[in-house]
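Beneath this line is the structure, given in structure tokens, with notes to follow.
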Amino acid sequence: MLQFSMKNLFLITLFALICASSFSQVIFEKGFIIHQTGQTSTSYIKFNELAGNPDKVQYKTAPDSEVQSAGTEAIKGFGIGDYHRYTRETLNIDRSSEDLDNISGVRNPIFQEETIFLRTLLAGNYSLLYYQDGELKRFFIKKPSGEVEQLVFKKYTTGDNIVRKNNRYKQQLMNLLLCDNLSENDLKNLQYNRTDLMDIFQKYFKCTNSSYDTYYFREKGDLNLMVKAGVNFSNFGMEQDVHNIVEEFQYQVDPKIGLEIEYILPMVNRKVAVYLEPSFSKYQADQEIIVATKESTPSNPNATGGYKALVNMDYKILDLPMGLRYYMYMDKANSLKMYINVGASINKIFNSSTILNKADNEISDFDFNQSWQPTFFAGAGYRYSEKISLEIRYFPVRPLADNGGYKLHQNHSFAIVAGYTLF
């Protein structure tokens, strides 16, 4: 009954944390809107970099004002921070699919005129622009005249069902980015991706001594080291191979301590992280059990060949959990963040357990062979001012060890863990 309540206590707490994040204020990042008149005004913009180029922008004129929505028909562009600039452009775009089931049988692009928001990567006398809509990714060059032209890269098939590539973008750049230090070899191995195209544009700017602005920062992630301490709420179960008799040990509240190494990825506004958290904990409990023998009966092992024994369970456990974490901002200053994480853990057991046979008062080591089966877990918590964190974490039943006659497992358990960031 206690096991059931422990599990449900975690689930209720996790549900409450998720509800809190759902009803908390949605964070709008400070930026600007360029209106039809050309006037620029400070705004607070809802932004998701992974969603690609938006067709509409949700924004506020002040942190506490109502949310407004505007598309290409209402605004000329918008920006967020130092590295996100979007401009409205009317242009020809080829939306041919690269999916093998829908790939085009025509080599040349099939253009259609659209008015869309393009992201500016580099801005100079020639500018590099980018558009993403799901799996569709297109790059554009903006000429000194203001004309925007798609850099053409297209996969297509012919009658022999071989996938071929139209790499016209290389010839386009060779014709436009004119400089003595840019050769055909520079373009020969140029790939149709953000890194290669930004590199060739920057090489051109340097070659021609042209000024330019960068609106895409190749950020590095953040590495954090945290001290962790908390308590485990857990109990162990032991299953005897004979008659599959299961003995449940009492729930204990045991301390744990560890370190966490967290790497916050540079994308998605630094909301995603991976981490490793080696931690050390222990479990101690005494339990009287009936050891069944082959001659005993399942209903009453002690009556025919079973005997009573006192098990002193004494384990030290080194846990090695690895996981993925997602942060959600909870206030305007981004000082309070909620996070959820999932992961898998393996552990190393240091065993000092003994078993006392009450029939002859003989004490022996209660040895187990280590089980290396990974266990999945989930958790949720809060982090304040990038320094202090508090988390609740849930583990389902996880096998720990097997000695050929007994199988040891940890029942549904959870932990409360506090952390402090060293750097």
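Just so it is clear, none of the values below were taken in a lab; they were calculated from the coordinates. All values reported here derive from a predicted model rather than from experimental measurement. Quick reminder, even Gly has a Cβ in these numbers, built from the backbone with ideal geometry, and neighbours come from all protein chains shown.
In this label model, residue 58 and residue 106 are separated by 3.7 nm, measuring between points 7 Å along each Cα→Cβ vector. Placing +1 on the Cβ of every Lys and Arg and -1 on the Cβ of every Asp and Glu, with nothing else charged, gives the stretch 70-151 a dipole about its Cα centre of roughly 380 debye.
Full extension of the chain between residue 385 and residue 320 yields a length gain of 20.8 nm, computed as 0.36 nm times the residue separation minus the alpha carbon distance.
Each label point was placed 7 Å from the Cα along the Cα-to-Cβ direction; for residue 247 and residue 92 their separation is 8.2 nm.
Computing FRET efficiency as 1/(1 + (r/R0)^6) for residue 65 and residue 220, where r is the C-beta to C-beta distance and R0 is 35 Å, gives about 0.50. Placing pseudo-labels 7 Å out from each Cα toward the beta carbon at residue 206 and residue 420 gives an inter-label distance of 4.6 nm.
Backbone phi angles across the stretch 222-233, fed through the Karplus curve with coefficients 6.51, -1.76 and 1.60 (θ = phi - 60°), yield HN-Hα couplings of 10, 9, 10, 10, 10, 8, 10, 8, x, 9, 9, 10 Hz in residue order; Gly and Pro are listed as x.
A Förster distance of 25 Å, applied to the separation of the beta-carbon atoms of residue 185 and residue 267, puts the FRET efficiency at 0.20.
Using a Förster radius of 60 Å, what is the FRET efficiency between residue 74 and residue 280 based on their Cβ-Cβ separation? Nearest 0.05, please. Don't jump to the answer; show the numbers that get you there.
On the way: r = 58 Å, r/R0 = 0.97.
Once the sixth-power term is evaluated, E becomes 0.55.
Near the amide H of residue 122, within less than 5 Å, lie the amide hydrogens of 128, 215, all on another chain or at least 5 residues away, with H placed in the peptide plane.
Given the Cα-Cα distance of residue 362 and residue 307 and 0.36 nm per residue of separation, how much length would full extension add, in nm?
Values: separation 55, 0.36 × 55 = 19.80 nm, distance 1.23 nm.
So the chain would gain 18.6 nm between residue 362 and residue 307.
Pairs 271/316; 220/256; 76/137: which are spaced more than 30 Å apart, C-alpha to C-alpha? Violating the 30 Å limit, Cα to Cα: 271/316; 220/256.
Net charge in the neighbourhood of residue 258 (other residues with Cβ under 14 Å of its Cβ; Lys, Arg +1, Asp, Glu -1) is 0. Taking one quarter of the surface of the convex hull spanned by the alpha-carbon atoms of the stretch 84-214 gives a direction-averaged projected area of 8.4 nm².
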